[in-house]
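Only one structure is covered here, and it is reproduced in the block below.
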Amino acid sequence: MTQDAVSYRIDAGIAYVCLNRPAVHNALSPASVRALSRAWQAIALDRTVKVAILHASGDSFCSGRDLRETDLGFGPRARAGEPAPQDDEWSSREGEARRIHYVPPATLHKPVIAAVQGLALGGGLELALNCDIRVAAAGARFGLPEVTKGVVPGSGGLYWLPRLVGMGLAMEMLLTGRIIDAQEALAMRLVNRVVEPGDLLPVAQDIAARIAALPTLAVQAAKETVWRTMGAGVEEGLRVGEHQNRVLRMTQDALEGAQAFEDRRAPRYEGR
């Protein structure tokens, strides 16, 4: 599956979703958001995909919504002197709930790794925030400047940023629109690690390969449990984790892992 704004390929159980509008810092156009939405659907349905890497061509990860082409509902923007484009199945009207979500959905239990270089602003940072692991290239810059344009982040930034960096640091970024660099993002725990630009994709691939080699059901259960219990109380959180473990103990992969350990050999996991 390849589209002009986003390319998609699979190799060795890893799905590569690549933002491909480098001339405009991979700003999100209507075609971008539609292609991203389809990519996450494809990853969810393809059992051969174990993990995904979200990366970008060019100098930047994503500078946010393309203000020249895209309206707030992620539909085509009206041009001066031209009638507004006709609404379609993807676009939301004023006041209507968003009809398309370009970020990895909460129901996608397969891990997603963001490999970020250059600018990750607005919707671009929200793309990374909705991933599970974030690797940044030295020199990358992060920010949610929506408040300076009279709006607020609408694709998870308000939810994820405080949970990753804490209330005070998140509020400073959200209320001022301040942009931070990669080292500050690392210190805030916004990103997992900072690497040299040439090492960005190889490091993300190494993490993805390690995940892809593990039992698929256990990996997905771990992600699902963390996401489901993010706002849960202690009792519920512990109960969900224990339940997942109980179910996994009945899988063939769990039996294979134990038998391989006993036999002192590499396990052969089948995702069953």
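Just so you know, all these numbers are worked out from the coordinates, no wet-lab data involved. Computed from a prediction, not measured in an experiment: that's the story for all the values here. Glycine gets a Cβ as well: all are built from the backbone with ideal geometry, and neighbour counts include every protein chain shown.
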> Under a Cβ-Cβ cut-off of 15 Å, what is the net charge of the residues other than MET250 that fall near it, where Lys and Arg count +1 and Asp and Glu count -1?
Replying inline: -1
> LYS110: which lysines have alpha carbons under 26 Å from its alpha carbon, excluding same-chain residues fewer than 8 sequence positions away?
Replying inline: LYS50, LYS223
>> What is the sum of charges, Lys and Arg at +1 and Asp and Glu at -1, for the other residues whose Cβ falls under 13 Å from the Cβ of VAL195?
In response: -1
> Where does the chain land at 222 nm, in deg cm²/dmol rounded to the nearest 500, when only DSSP H runs of n ≥ 4 count, each adding -39500 (n - 2.57), divided by all residues?
Replying inline: -11500 deg cm²/dmol
> Which order, highest average first, do 168-174, 51-57 follow once you tally other Cβ atoms within 10 Å for each residue and take the mean per peptide?
Replying inline: 51-57, 168-174
> Rounded, prolate or oblate: which fits the range 6-212 when a ≥ b ≥ c are the square roots of the eigenvalues of the alpha-carbon gyration tensor, with rounded for a/c under 1.5 and prolate only if a/b beats b/c?
Replying inline: oblate
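I need the peptides 136-146, 115-125 ranked by packing, meaning the mean over residues of other C-beta atoms within 10 angstrom, with the highest value on top.
Details: 136-146: 22.0, 115-125: 27.3.
Averaged packing, sorted descending, gives the order 115-125, 136-146.
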> Got a sec to turn the phi values of the range 245-252 into Karplus ³J(HN,Hα) couplings, 6.51 cos²θ - 1.76 cosθ + 1.60 with θ = phi - 60°, whole Hz, x for Gly and Pro?
Replying inline: 5, 5, 5, 5, 5, 8, 8, 5
> What FRET efficiency do you get for VAL147 and ARG189 if R0 is 25 Å and r is their Cβ-Cβ distance, rounded to the nearest 0.05?
Replying inline: 0.65
>> Which residue, ASN192, VAL116, GLN220, has the largest displacement toward the positive end of the dipole of the chain when charges sit on each Cβ (Lys, Arg +1; Asp, Glu -1)?
In response: GLN220
> Going by a ≥ b ≥ c, the root eigenvalues of the Cα gyration tensor, does the range 192-272 fall in the rounded group (a/c under 1.5), the prolate group (a/b larger than b/c) or the oblate group?
Replying inline: oblate
>> Quick query: amide H of VAL195 versus all other amide H atoms, modeled in the peptide plane; which residues come in under 5 Å with a sequence gap of 5 or more or a different chain?
In response: ALA136, ALA137, ALA138
> Which order do peptides 218-228, 18-28 fall in by mean Cβ count within 10 Å, highest first?
Replying inline: 18-28, 218-228
> In debye, nearest 20: dipole of the chain around its Cα centre with unit charges on the Cβ of K, R (+) and D, E (-)?
Replying inline: 320 debye
> Residue by residue through the range 18-26, which ³J(HN,Hα) values in whole Hz follow from phi under the Karplus form 6.51 cos²θ - 1.76 cosθ + 1.60 (θ = phi - 60°), with glycine and proline marked x?
Replying inline: 10, 5, 9, 10, x, 5, 10, 6, 6
> Under a point-charge model restricted to the Cβ atoms of Lys and Arg (+1) and Asp and Glu (-1), what is the dipole moment magnitude of the range 216-263 relative to its Cα centre, in debye to the nearest 20?
Replying inline: 240 debye
